[in-house]
Amino acid sequence: MEEVLGMSKREINRHHIIRNVLEGKATQAEAARVLGVTDRQVRRICARVRVEGARGVVHQLRGRASNHQIDPRVIEKALCAMHDDLWSGFGPTFARDKLSELHGITLDPETVRKLMTQVGLWQPHRQGPRHRAWRERRACVGMLVQLDGSDHDWFEGRGPRCALLIYIDDATSRILYAEFVTVEDTQNLMRSTWKYLKQ
């Protein structure tokens, strides 16, 4: 019976490049550059492909359990300990401390968080800021004018550092007024706005 070998697109591409090296269509240096590995690694992969065929490009640890895997008995013991009502108000870090203190089980807080989520003792919090709601632009010019100030070395050392105040129409994104001021403060903002309104 023929063996079925599962390969990722990356591994299929790697096998194709290594076949080209073995058939003399490409050099080891070219293959190393394309694959982003050293010449020595290309030689080792070529040797494996000669012996094992396409399996030679597949990662050697595929299908094996990770060396960093936590003993399933420890996980089972932690899950049994956390089924008690005492744990219902605990956060993952505090639960990790109590697992260590009361049961002698030492786990990473992230592992405890995953276990607590699995048994329904912890609800993951939503990460990141909420997306702002999109709004339509105003219908016509002048309905909404936005003011923005930008402090920068606008004159590239040929003049003093200053702030650019700019008035932008929301409907058209057209610049309605702009002015350089020494600093973006209340007094300069009020004076600039008065100039814009008079204009």
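The values are calculated or read from the model by the stated rules, or taken from the named source; none is laboratory data. All values derive from a computational prediction rather than experimental measurement. Cβ: placed from backbone, ideal geometry, glycine included. Neighbour counts: every protein chain shown. Note: accessible area is taken over every heavy atom of the protein model, side chains too, but ligands, DNA and RNA are not part of it. Shrake-Rupley method; radii C 1.70, N 1.55, O 1.52, S 1.80 Å.
Brief remarks on what is shown
Rundown of residues vs (1) in a loop (DSSP other than H, G, I, E, B); (2) surrounded by 12 or more Cβ atoms within 10 Å (Cβ to Cβ); (3) free of Cβ contacts under 8 Å to residues at least 12 places away in the same chain, yes/no style:
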residue: 150; (1), (2), (3): no, no, no
residue: 157; (1), (2), (3): yes, no, yes
residue: 180; (1), (2), (3): no, yes, no
residue: 188; (1), (2), (3): no, yes, no
residue: 191; (1), (2), (3): no, yes, yes
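- Qualifying positions in the stretch 22-37 - open to solvent by 50 Å² or more (accessible area, probe 1.4 Å), among the aliphatic types (A, V, I, L, M) and not in a helix (DSSP H, G or I): none
- Close pairs (7 angstrom Cβ cut-off, 6 or more residues apart or separate chains): farther than 11 Å from residue 45 by Cα in the stretch 5-18, open to solvent by 80 Å² or more (accessible area, probe 1.4 Å) anywhere: 5/55
- Those residues of the stretch 149-189 which are of a type in the set (S, T, N, Q) and farther than 27 Å from residue 135 by Cβ, in sequence order: 182, 186, 187, 188
- For the stretch 30-50, filtering for residues that are touching a helix residue (DSSP H, G or I) at 6+ places or on another chain (Cβ under 6 Å), free of Cβ contacts under 8 Å to residues at least 12 places away in the same chain and hydrophobic (A, V, I, L, M, F, W, C) leaves 1.
- Restricting the stretch 100-129 to residues that are under 16 Å from residue 70 (Cβ atoms) and among the basic types (Lys, Arg) leaves a set whose member that is least open to solvent (accessible area, probe 1.4 Å) is 113.
- For the stretch 38-95, filtered to residues that are assigned to a helix (DSSP H, G or I) and polar (S, T, N, Q), the residue that is modelled with the highest pLDDT is 41.
- Which numbered condition residue 138 misses (of (1) surrounded by 11 or more Cβ atoms within 10 Å (Cβ to Cβ); (2) out of contact with any Asp or Glu (no Cβ under 6 Å at 6 or more places or on another chain); (3) outside any helix (DSSP H, G or I)): (2)
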